[in-house]
């Protein structure tokens, strides 16, 4: 069987990228983003990309890097409020944007990866999101039809993985990564720890290797935090009672 | 004297019941976590993929892999669990969350909510707000009663793009509390020192009152 192991982002992306392609990128804010693969796409210089990702990074990190380099033609996202450049490019008409409600985006990707071309959801009925889409009544309530999403390439960040492509995510860095892993015609994964096959407990694997085409240990993980929020010791603050 | 942000958060916290699974939005709703009444235990859901949100970490202990939906660093509790965005919104859309408290730009007398977009000006996106108002069993909106300009935010019909149609159950502003149902809007509480006349003068929507 052909090996899924790759040396680095550049090698993993070889022969995969082309202008005008659609790319799904995992992450929520800057948490759980495939930073090495984003850099690899930046270095390859492909353009006219349609990028499907919950957010678009910040001005100088994450997907914001591809935006600044003029490589993105269109974004499909739920929230882009952390990126000033994004707002400027969109309002001036240089960037296309399709807003999806976050849960609808997650489900579109899950559906796409599961071979489901469309589904009905309550989310967005009676809003701009439902315009031009089929609305149907089920059991007395209105639902809007949303389409499943697939991409030419999915770029995923996991915590641990093995040569088979089995993946484990860590804490809230999981977010969109598992669904995106299933919805790419090609799925490439960067991990913090590449472990020997047999090390991961089969009962604890989040993404089975069948969804993964290439895997490598990321050369560096900056893991930048958008809003470091702390509390002084011995003093209760927000969330203490939760 | 109208309610402060803290007063509004404390009032919203009185909507919590023991055993509730709750999603708190960004802004004043986040403050609600500071006012959970004694003897009541609620589980906070964060739509980026966590149940059982703990407090902010101590300085030096922030974990980049552990954030809330406002992208702030947080901590876990012994009861916490993590899951994907698809599972998270299965909880939300599937009606498994009892209460959502979120901010608003406009609320209309038919329960419509607008809180995600100002055409031509603000481009941020709806995030999870549309899913929350569509799927969570009870929706509470906390917002200032008027714009800084003085314009009413409790209106006959929203002029801003909607987040959801007919979705708001309760509105808490700095002036009082409003129940919104099939029969329209009813003012049920006035903030201390606020008169009915002041509320009428600052409200475009028609409303009944029980105060």
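Throughout, read-outs are computed from the coordinates displayed, never taken from laboratory work. Values in this document were obtained by computation on a predicted structure and should not be read as measured data. Glycine gets a Cβ as well: all are built from the backbone with ideal geometry, and neighbour counts include every protein chain shown.
Structure summary
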item: Reduced Cα scattering model of segment B:91-204, Debye log10 I(q)/I(0), q = 0.21 Å⁻¹; result: -1.15
item: Distance in nm between pseudo-label sites at residue B:96 and residue B:58 (7 Å out along the Cβ direction from Cα); result: 3.4
item: Segment A:96-153 and segment B:49-90: distance between their alpha carbon centers, rounded to Å; result: 27
item: Mean-position separation - Cα centroids, segment B:167-211 and segment A:1-62, in angstrom; result: 50
item: Spherically averaged projected area of segment A:1-116 from its Cα convex hull (nm²); result: 8.0
item: Of every Cα-Cα pair in segment A:137-242, the percent that sits beyond 25 Å; result: 42
item: Base-10 log of normalised Debye intensity for segment B:1-96 (one unit scatterer per alpha-carbon) at q = 0.10, 0.13, 0.14 Å⁻¹; result: -0.28, -0.47, -0.55
item: Sites residue B:189 and residue A:134 - FRET efficiency at Förster radius 51 Å, r taken between beta-carbons, to 0.05; result: 0.75
item: Chain B: relative contact order as a whole-number percent, Cα under 8 Å and 6+ apart; result: 20
item: Selected from A:192, A:137, A:96 as most flexible by GNM, with chain A as the system and alpha-carbon contacts under 10 Å; result: A:137
item: For segment B:166-211, convex hull of alpha carbons as volume per residue, Å³; result: 70
item: Quotient of C-alpha Rg and 2.2 N^0.38 Å, computed over segment A:92-156; result: 1.24
item: Ranking of A:179, B:122, B:50 by count of other Cβ atoms within 10 Å, fewest first; result: B:122, B:50, A:179
item: Estimated D of chain B in µm² per second, where Rh is the Kirkwood radius over Cα pairs and Stokes-Einstein applies at 37 °C, 0.692 mPa s; result: 185
item: Label point distance in nm, residue A:193-residue A:222, each placed 7 Å from Cα along Cα→Cβ; result: 2.5
item: Shielding of B:73-84 by partner chains, average beta-carbon count, 10 Å; result: 4
item: log10 of Debye I(q)/I(0), alpha-carbon scatterers only, for the protein assembly as shown at 0.07, 0.10, 0.11 Å⁻¹; result: -0.36, -0.72, -0.87
item: Burial ordering of B:145, B:96, fewest other beta-carbon atoms within 10 Å first; result: B:96, B:145
item: Principal axis dimensions, largest first and in whole angstrom, of chain A by Cα; result: 54, 52, 42
item: For segment A:6-64, the spread of Cα positions along each principal axis, largest first, Å; result: 28, 26, 18
item: Selected from A:223, A:171, A:157 as most flexible by GNM, with chain A as the system and alpha-carbon contacts under 10 Å; result: A:171
item: DSSP-defined beta bridges in the protein assembly as shown - what % are antiparallel, rounded to 5; result: 40
item: Residue with peak Gaussian network fluctuation, chain B [Cα springs, cutoff 10 Å], from B:30, B:163, B:195; result: B:195
